[in-house]
Amino acid sequence: MAETGDLALSVRNLKTYMYANNRCNKAVNGVSFEIHKGKTLCIVGESGCGKSVTASTIMQLLPTLSRIEEGEVIYHSDDGDIRIDQLARNGRQMRAIRGSEIAMIFQDPMTALNPVYTIGFQIIEMLLYHTRLRGRKRFNKAIDLLRSMGIPLPERRVREYPHQYSGGMRQRAMIAIAMSCNPKILIADEPTTALDVTIQAQIFELMETLKRDHGTAIMLITHDMGVVAELADDVAVMYMGNIVEAGPVGVVLRNPVHPYTRALLESIPVLGRGKNQEIRAIPGQTPDPYDRPKGCQFADRCRYRIDQCDAMPPETQISDYHRVMCWRYEEFTANAAE
Amino acid sequence: MPTYIIRRLLTLVPMAIVISFLVYLGLELTPGDAVSHMIPPDGIGSMDPERLQMLRESLGLGQPFLVRYWIWLTGVVQGEFGYSLSGGVPIAQIFLTRLPATLELSIAALVISSIAGSILGTISALTRGSKTDQALTTVGMLGVSIPEFFIGLVAILIFSLNLQWLPVGGRLMPGDDSFWDRIPNLVMPALVLSIMMTAGVMRYARSSMLDALSKDFVRTARSKGMPEWRVNLLHGFRVALTPVIVLIGFRLPVLIGGTVVIEQVFQWPGIGNEFIASVRAQDYPLVMMIALFSVIAVLLASLIVDILTAVIDPRVRLGD
Amino acid sequence: MTIAQPDRGKRRRSKLDAQFDRIRDREEAGQVKKRRRGRFWNKFLNNHLAVAGLVVFTFIILVSVFAPLLTSYDPRAVDLRSMTQAPSLEHWFGTDRTGRDVFARVLYGGRISILVGLGSAILCAIIGVIIGIYSGYIGGWLDWFAMRVSEVFMAFPQIILVLLLVSILGQSLANLMIIFTLTGWGGIYRMARARMLSLREEEYVQALRSFGLGPARIAYKHMLPNALGPIMVNITLSTAAFILQEAALSFLGLGVPLSVPTWGNILNAAQDLRILENYWWIWLPVGVTISLFVLSVNFIGDGLRDATDPSQQG
């Protein structure tokens, strides 16, 4: 295990349930992971697997009808550890962390920016609450931020409204807001899903630069294995509220153990392997969140299902860094090593 | 911004022309002709028929319909609204004496309902599901369901006849007394007139605010670590305000219509009261003119609303 | 390790927490069964106010329709020996200035008032929907023309246009319904048209078109059912509006001729301050009845809107 000194955030056995429509959806059902300082953790999974809820839990930005049931979210700040899960949702302590220590960017930069305020105003708002900059200095800082995000003519752009920006520019502005107070952790919730492929690459490049220059830890949520291979230091694969497999990106992508991770990797065509490469779609569909399988959540779609899978498999540490949640991990580890 | 206003004005003008045309058509089809509309009725009797005929020709009554309309329209634009059939008073003079009362009443009601409606609706949305919210929602539903004149009658019974706090009705004319002396007469009609609109604005402000609060940018605002009041007011309320202002503009005709009934209940000497009297007396020139003016008031109000939304919402101002 | 103490925010949510615990227990016990009724009825019946509205609405309609069974008085029969009598066993709501039984008048008045309100609303819906669907789906000159006409109608404050038409056409029950329909179809027309414009772009409509179905068949048979929710909501809301308008017009003495008992005409008597002050039974019961009826219609409308709006959850 890594030393606590190099951790930015630890999540232990986190359970977050959603209570809309008088039903209980166990969206995040026992999740543990760590974010290391200056590293990128990718959380990958299909939509509805709980990855966004995990992010919202860390920021305490959950909807009213939801609750952290169990577990710990610990932010390792410079002044000691803070149990985020125990802070009041919109209390002073939580607000002091949001934005200045942990910042977040969202999926759709069109809807995530307020249409009635200028980009400059929305950056300055962040500086207003977390820095001592005032007046002209604050305004200049906003311009500097836009410039460092690669936005041309920042002096003019700072006075413009979101709808005057292109999609890629908006996400850059969003990142400018998030980075304005040099946060220790940047949570990016599918930041490029709404953007063109060419713009995606630029945004990721920008995030890489920020990580390198500022030592910001990044928690990147995505459904794209290609992005994981490109950017991640660590990866956690989520399925129906659990992390089914986690570890350093090289280990997990090269020797995937969990059948779901393997299925995900097999379902992506790889450039250069030609037309005849075997692409396997994952059979079946994700179960109804209100009618989940009792045991392993993936059992119904799994080729290797055995009777034991009717019980929830434990999280098993198969090497120092590599963790998996499957009953048959030993067989798979053996043949993965081949 | 100026081009935006001009463009909006240009769309209003055709509408005003079409409606003035319809009103003129109504005038031609109802009893009486242009002469009787333009000359005091007691003057007509004393004129000899030959002169009357000459006058008719000089007014272009022998001309084709469209020419007659043009003559009438240019007259209206210059303030020649014709004469009321009953009493032979110039309609322009009726407007001059009656309009201030109606403006006073409707502007008071508009201000009350816009402010109270938005504030109550916002409170209701922010406390969604609570006792406050349920109480406000229920009261709002009552407000749009009880006939305003019935509320007016009950108010007269309680506050004027029983408690004797406020006068039964009527209005002191300007100059009679100081501004403050005139307030008691205004309080009840303005409040009663504002009830339905307040309830409407409140219901709409609530749903608009809930809609705004569910938007992604509110989550972004919260992710900046700002206090809740700032998130709710600067990001929620500010964005919810545009549709509320549009609704207020949309409801203005209802408010103007409401003055007709409320002026009758409280014997308020405004245009609405005059309108009822003219409808009862089938005084068509006056009926048509008041209708025409109500439309122009609505069109102007919608223009003001458009300008207001453009001022507060950059998407409208800078769009297309 | 410094651990922040849980502060007040946590405790304030305790009521919500209790509710969550209940839902969670039920969910874990597997007590949540598949719903038997459709989503629409489920949502509508869960809305207590809408159900209460439906009950009151039905009750008022039934007592109006079966008025002859409930009272033996003729609502128009003048009885000068029993003028302005207070409520008694004989006259439940008392009698008015000419000795007519107020209870009978409220019951029979309901027939006319509801006929005017509901009838005009349905007429508006028929006209508005037929033109709206046609012009929304097919467009063309009729679309342009209907849009302009509705703009002209909607530029007037409705009550002023109604009174203007009353002054020209004269006062009668039929005229009033014609006038309400003329002045009220614009709203539902625009709604139906807008709905069609957005439905037209949906894939299933494109698919139907590629199957070679005729435009009229697609518009009226396949698209109309998908616009029914908002149309129903609109009908209820305009019923409420028309009943209020009929009452206001009759109160002014410009609605249905005063000889016909309607809710508004009964209230007309309260313009006289003496009646307002001394004979509450002449105006209070009918005022409450109108308010209750309109309230129930509005609650039904709200319930329908929530139940048919797929975007609303919870």
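Brief remarks on what is shown
- Within the stretch C:242-266, the set of residues being in contact with a Phe, Trp or Tyr (Cβ under 9 Å, 6 or more places away or on another chain) and not in a loop (DSSP other than H, G, I, E, B) comprises C:Phe242, C:Ile243, C:Gln245, C:Glu246, C:Ala247, C:Ala248, C:Ser250, C:Phe251, C:Trp263, C:Gly264, C:Asn265, C:Ile266.
- Any hit, the stretch C:102-110, residues being more than 17 Å from C:Trp281 (Cα to Cα) and not hydrophobic (A, V, I, L, M, F, W, C): no
- Members of the stretch A:176-208 found to be more than 13 Å from A:Met149 (Cα to Cα) and among the small types (Gly, Ala, Ser), listed by number: A:Ala188, A:Ala194, A:Ala201
- For the stretch C:168-178, a residue qualifies if it is surrounded by fewer than 24 Cβ atoms within 10 Å (Cβ to Cβ) and in a helix (DSSP H, G or I), and the qualifying residues are C:Ile168, C:Leu169, C:Leu173, C:Ala174, C:Asn175, C:Met177, C:Ile178.
- Taking each residue of the stretch C:240-257 that is facing chain B (nearest Cβ under 7 Å) and looking for partners that are outside any helix (DSSP H, G or I) and hydroxyl-bearing (Ser, Thr, Tyr) with beta-carbon atoms closer than 7 Å, six or more apart or interchain, yields nothing.
- Residue satisfying all of: in the stretch B:268-311; in contact with a Lys or Arg (Cβ under 8 Å, 6 or more places away or on another chain) and surrounded by fewer than 20 Cβ atoms within 10 Å (Cβ to Cβ); farthest from A:Tyr117 (Cα to Cα) among these: B:Pro269
- Sole residue being out of contact with any strand residue (DSSP E or B) (no Cβ under 6 Å at 6 or more places or on another chain), farther than 24 Å from C:Asn175 by Cβ and modelled with pLDDT of 75 or more, chosen from C:Leu69, C:Leu89: C:Leu69
- Test for A:Gly30: is it small (Gly, Ala, Ser), in contact with a Gly (Cβ under 8 Å, 6 or more places away or on another chain) and more than 10 Å from every other protein chain (Cβ to nearest Cβ): yes
- Single condition A:Glu190 does not satisfy, out of (1) within 14 Å of chain B (Cβ to nearest Cβ); (2) closer than 20 Å to A:Ile123 by Cβ; (3) out of contact with any Gly (no Cβ under 8 Å at 6 or more places or on another chain): (2)
- All conditions in (1) modelled with pLDDT of 80 or more; (2) over 29 Å from B:Ala291 (Cβ atoms); (3) facing another protein chain (nearest Cβ under 10 Å) hold for B:Ser160, with the sole exception of (1).
- Verdict on B:Leu85 being in a loop (DSSP other than H, G, I, E, B), touching an Asp or Glu at 6+ places or on another chain (Cβ under 7 Å) and surrounded by 18 or more Cβ atoms within 10 Å (Cβ to Cβ): yes
- Every listed requirement among (1) under 13 Å from the mean Cα position of the chain (by Cα); (2) more than 30 Å from B:Glu28 (Cβ to Cβ) is met by B:Arg219 save one, (1).
- For the stretch B:88-97, taking the residues that are out of contact with any Pro (no Cβ under 6 Å at 6 or more places or on another chain) and either among the aliphatic types (A, V, I, L, M) or on the phi > 0 side of the Ramachandran plot (or both), the one that is surrounded by the fewest Cβ atoms within 10 Å (Cβ to Cβ) is identified as B:Leu96.
Conditions (1) free of Cβ contacts under 8 Å to residues at least 24 places away in the same chain; (2) surrounded by fewer than 17 Cβ atoms within 10 Å (Cβ to Cβ), marked per residue:
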{"residue": "A:Lys26", "(1), (2)": "no, no"}
{"residue": "A:Glu34", "(1), (2)": "no, no"}
{"residue": "A:Thr64", "(1), (2)": "yes, yes"}
{"residue": "A:Gly91", "(1), (2)": "yes, no"}
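- All helices (runs of 4 or more DSSP H) inside the stretch A:154-234 with 1 or more residues being within 13 Å of the chain's Cα centre (by Cα) and surrounded by fewer than 22 Cβ atoms within 10 Å (Cβ to Cβ): A:225-231
- Test: residue in the stretch C:191-206 that is away from every other protein chain (no Cβ under 13 Å), over 21 Å from C:Gly109 (Cβ atoms) and outside any helix (DSSP H, G or I): yes
- Within the stretch A:26-121, strands (runs of 3 or more DSSP E) holding 1 or more residues that are farther than 27 Å from B:Val231 by Cα and among the aliphatic types (A, V, I, L, M): A:40-44
Conditions tested, residue by residue: (1) in contact with a Gly (Cβ under 6 Å, 6 or more places away or on another chain); (2) farther than 18 Å from A:Phe332 by Cα; (3) not in a helix (DSSP H, G or I).
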position	(1), (2), (3)
A:Ala246	no, no, yes
A:Thr261	no, no, no
A:Ile279	no, yes, yes
A:Pro283	no, yes, yes
A:Pro289	no, yes, yes
A:Arg292	no, yes, yes
A:Tyr304	no, no, yes
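- Enumeration of residues in the stretch B:285-320 that are of a type outside the set (Gly, Ala, Ser) and more than 21 Å from the chain's Cα centre (by Cα): B:Val311, B:Ile312, B:Asp313, B:Pro314, B:Arg315, B:Val316, B:Arg317, B:Leu318, B:Asp320
The values are calculated or read from the model by the stated rules, or taken from the named source; none is laboratory data. Just so you know, these numbers come straight off a predicted model, no measurement behind them. We place every Cβ from the backbone using ideal geometry, glycine too, and count neighbours over all the protein chains shown.
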